[in-house]
Amino acid sequence: MEPVEITEDGVLLRPWRDADADAVHKACQDPDIQRWTTVPRPYLPEHALGFVTEMSRTAWAEGTGAPFAVCDPATGELLGSCGLISIDRAGTGEIGYWTAPWARGRGVLVRATRAVARWSFDTLGLRRLIWQAEVGNHASRLVALRAGFRIDGRLRLADPALPSGADGWIGSLLPGEVPAPGSTGPAGPGTLAARRAAVFGRPQPILFATAGAGELRLRPMEEQDLDAVVQTCRDPDTIRWTTVPDPYERADAQGYQVYSQEAWARGDAACFTIGDPDDRYAGSLDLRLSPADALLADVGFMAAPAARGRGYLPAALVALCAWGFSTLGLARIEWKANVGNNASRRVAEKAGFTFEGTARDGVQHRGERVDVWVAALLAGDL
């Protein structure tokens with residue numbers, strides 16, 4: 001396959017040259033490139049030279065790939081890497097890319113990915129492109145969405161060669177689905193999927209709420225919270241009304257902390273610790289996105305025994321729901337609790353949830369089906 005050049009929508013894609021080695025070496029010192037790609041660590045000058053010469057030329061010559069340098073067409077400056085990292089005989093290509101640190105925030109890779117996709121379909125005659133990234137790589141996911149890819153699902157242990165051995169996301173793009181040059185595309189900045197990729201691609205935020213005369217902080221769980229979480233989850237009321245392990249050990253609290261971090265990385269949930277006015281652990285509050293309905297989420301919460309009756313949970317719940325509606329674009333947030341859990345029901349009602357009824361045998365609870373109360377808060381209710 002003969003190397004080609006593509007100029008489209010303000011970017012130049014061309015074959016790699018020997019002179020690119022220094023810029024590639026510089027770019028691949030970036031922690032994000034080393035975190036999310038399979039470049040060697042440490043990345044040495046000889047790695048860069050081998051990539052722009054032997055590896056890229058072999059891919060073109062054998063027709064197994066089409067690696068492009070992404071450049072500024074006016075200055076020639078290297079902006080990133082984008083191309084087909086594999087092409088199979090069945091007509092499927094896999095796209096891969098990275099952005100140089102000095103070129104981020106300009107939409108370079110979105111435009112480059114669209115250009116490569118259009119060329120792959122129109123010139124090479126491919127019938128499908130696929131995109132893969134490690135779960136948590138929301139920056140790559142956002143590029144794929146804005147380039148028109150549909151994120152189809154998750155692959156378990158997608159690439160054992162990755163340092164984390166993590167699961168991967170996978171997406172696909174078909175002919176006719178590539179957005180036109182200059183357009184926002186079907187998954188542009190305003191759409192829900194791209195919006196959430198941008199949210200979960202950043203560190204988890206700190207939210208604030210007011211209870212009485214004090215300010216509460218909703219923040220990620222920290223090491224200093226572990227003992228208080230253990231104490232809370234050993235409380236008889238917590239054991240009675242929730243599904244926390246019984247007995248509850250410190251390892252369980254550590255496991256919940258890991259789950260919270262991974263849920264944020266996946267974009268599945270936002271798990272917050274409630275810090276009292278002195279930032280001591282006062283409870284936990286989880287907002288879990290529905291896998292079946294993109295506009296639906298449910299909440300779960302518990303309060304530390306010493307923090308009960310102070311209005312902390314209703315105030316924190318209002319703050320979390322407001323964030324879910326405004327930032328994640330939710331339309332409905334549901335609350336469920338076992339029938340008889342009057343304390344949880346009071347929290348939900350004080351936060352504005354409307355009681356909707358009882359779901360018979362609604363959930364599995366410690367080995368049996370039990371009835372649950374159901375209430376909901378809509379975006380317009382706040």
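The values are calculated or read from the model by the stated rules, or taken from the named source; none is laboratory data. Just so you know, these numbers come straight off a predicted model, no measurement behind them. As a convention, Cβ positions derive from the backbone with ideal geometry for all residues, glycine included, and neighbour counts pool all protein chains shown. Only protein heavy atoms, including side chains, enter the accessible area calculation; ligands, DNA and RNA are left aside. Shrake-Rupley method; radii C 1.70, N 1.55, O 1.52, S 1.80 Å.
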### Query
Expressed as a rounded percentage, what relative contact order does the chain have, with Cα pairs under 8 Å and six or more residues apart?
9
### Summary
Subtracting the Cα-Cα distance of Glu368 and Glu46 from 0.36 nm times their residue separation yields 109.8 nm
### Query
When DSSP assigns beta bridges and you keep just the ones with both residues in segment 261-336, what percent turn out antiparallel, to the nearest 5?
80
### Query
Going 7 Å from the Cα of Tyr259 in the Cα-to-Cβ direction, what parts of segment 270-288 have a backbone nitrogen less than 20 Å from that spot?
270-275, 281-288
### Message
So the label point goes 7 Å from the Cα of Ala292 along Cα→C-beta, right? Which residues of segment 331-359 then have their backbone N under 18 Å from it?
### Response
331-337, 357-359
### Task
Using R₀ = 56 Å, calculate the FRET efficiency as 1/(1 + (r/R₀)^6) where r is the Cβ-Cβ separation of Thr210 and Ser172; round to 0.05.
0.75
## Note on the structure
Heads up, segment 279-382 by the C-alpha gyration tensor (a ≥ b ≥ c square roots of eigenvalues; a/c under 1.5 rounded, else a/b over b/c prolate, else oblate) looks oblate
### Message
If you count only protein heavy atoms and use a 1.4 Å probe, how large is the accessible surface of Arg154, to the nearest 10 Å²?
### Response
110
### Message
For the pair Arg156/Asp9, report the inter-label distance in nm, with labels modelled 7 Å from Cα in the Cβ direction.
### Response
3.6
## Note on the structure
Scoring segment 77-162 by relative contact order with C-alpha pairs under 8 Å, at least six apart, yields a percentage of 26
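At 0.36 nm per residue, minus the direct Cα-Cα distance, what do Ala306 and Met55 gain on full extension? Give it in nm, one decimal, please.
Extending this stretch completely gives an extra 84.1 nm.
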### Message
Charges at C-beta only: +1 for Lys and Arg, -1 for Asp and Glu. How large is the resulting dipole of segment 340-382 about its Cα centre, in Debye rounded to 20?
### Response
160
## Note on the structure
From highest to lowest solvent-accessible area (probe 1.4 Å; ligands, DNA and RNA excluded), Glu223, Glu134 read Glu223, Glu134
### Message
Solvent-accessible area of Glu46, probe 1.4 Å, all protein chains present, reported in Å² to the nearest ten, please.
### Response
120
### Task
Count the DSSP beta bridges whose two residues both fall in the chain, then state the antiparallel fraction as a percent rounded to the nearest 5.
90
